[in-house]
1. Could you give the distance between the Cα centres of the stretch 344-383 and the stretch 161-230, to the whole Å?
2. log10 I(q)/I(0), Debye, Cα-only the stretch 522-593, no solvent, q = 0.21 Å⁻¹?
3. Rg (Å, one decimal) plus Dmax (Å, integer) for the alpha carbons of the stretch 59-125?
4. Would you please put 379-392, 421-434 in order of how densely packed they are, using the mean number of other Cβ atoms within 10 angstrom per residue and starting with the highest?
5. Rg/Rh for the stretch 111-266 to two decimals, with Rh computed the Kirkwood way over all alpha-carbon pairs.
6. Between residue 447 and residue 570, what is the label-point separation in nm under the 7 Å Cα-to-beta-carbon projection?
7. Say R0 is 60 Å: what FRET efficiency, to the nearest 0.05, do residue 555 and residue 244 get from their beta-carbon distance?
8. Given a Förster distance of 30 Å, report the FRET efficiency between residue 302 and residue 425 from their Cβ-Cβ distance, rounded to the nearest 0.05.
């Protein structure tokens, strides 16, 4: 390790600072990229982000945005993009390159876009997981590269596929996806499917032999393959900077509770900064002037990536039908910290299916989610925070200026909470489809982080799990937190009692109580003729809170003819099974047509 590499690995300052504006969208080769221009002085280096796939990509997506913002503050441009058939990209069509070659071509074309937009002669690559393997496979096709960062790199495609299978089982178990709905015959995770031609190529793919000048490798201490990966690059003559990937497991386990590894990000930005060439003259390139992106067109839809709100702070995608538009425009809200493409790409699929029925939609990232930067001085925890109402208001303002009102809104989990609060707050919304809301109004006495991490299951779930042989085996292996499970069982019992007692007690509550406010809001929506569709998975914890206000099974909702309630059997909280997604889609479609 030379002196420069040592400085870049060890000298770190906080650099992950929020930007005021979202990155600028670009469309190319049937996909979408986001270019983050540099702040002055502009340096002769630009960074290309190359992503992993699947659940790991969902977790990394926000990290890429934060790194892009930090690099911009250092005068370094950056570009991130979606592979063909993923995220906001168009689906794969017949005649397209097959296997890994398809995504490798995407990387090469993205690098060309970055050079054209930034005016930089040299680029650096920042990659993670499968993205590291893909980036190395095409590195010689990218032109002049100053270095490559490989975070938790994949060296063996076959090993990676086995890890994805294990990871998928863990996710299904954690979500409570019914056994009959779990995918066993394809490589899939969290509702995302890896194309078979990609799988076929990965089975044969190993670490490519390529000459690298400089590389940073973020090592996971429990993965000896990462160290071997670094040694292989070093043996090929690369100047290697090794760092520990501190916080990796907490980062990629679940987008809802993902903890961004800011320390790794700061080290990474310091390392990239050490690769920079001289400053560019102000007139060297007009990279700051980017033409509006072209629309992407599918069989029944056309999509335009957009930024809106003050200073273009929010990023989203407007999807419209190719034919005559009908019904209300649908605002598709994300869940928690999932990007706007949605869990299992459900947001993209919903938008395009709605367009096939003539219904326009806008899916977008709220502030501090996905590709939308946080509001300077805003809250760190934005879930269930009233500040998110400003983001929905900005979306409605955008639709109003685009002459795309009236509008309805839909969301699930924390997105359903925001949808309900938004339809209460803004009469421009004529209806809402609310799926698996935890609550209708957040109790300020509750700590959001505690609820997210420890929300207990329904009581009968514990009973059924206790009867399983595998549960006893896990107890014997000490793999079960007995104290935590017992605590949650007590909570479940208390909740069961609360479900029956609270509706009675609420009759004697003061008019200013949380219960009274919620009842008042439902009455207001009835008076306003605003339609509400409530959708619950049959075992969802939100049913507990529904019972607190409207009785067991929501029987008290019969007083509100504008409210329709549906219980979905065999569905998890995320609506992962196909049947659950289709039921949700039908409800949204019916709502949009109803409120034309």
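No lab work stands behind these numbers, since they all come straight from the coordinates. Bear in mind that the values here come from a model prediction, so they are computed numbers and not experimental data. Note that each Cβ is placed from the backbone with ideal geometry, even for glycine, and that neighbours are counted across all protein chains shown.
1. 26
2. Treating every Cα as an identical point scatterer, log10 I(q)/I(0) equals -0.98.
3. 13.7, 42
4. Result, highest mean first: 421-434, 379-392.
5. 1.00
6. Calculated label separation equals 4.0 nm.
7. It comes to 0.60.
8. With R0 = 30 Å, the Cβ-Cβ based efficiency is 0.45.
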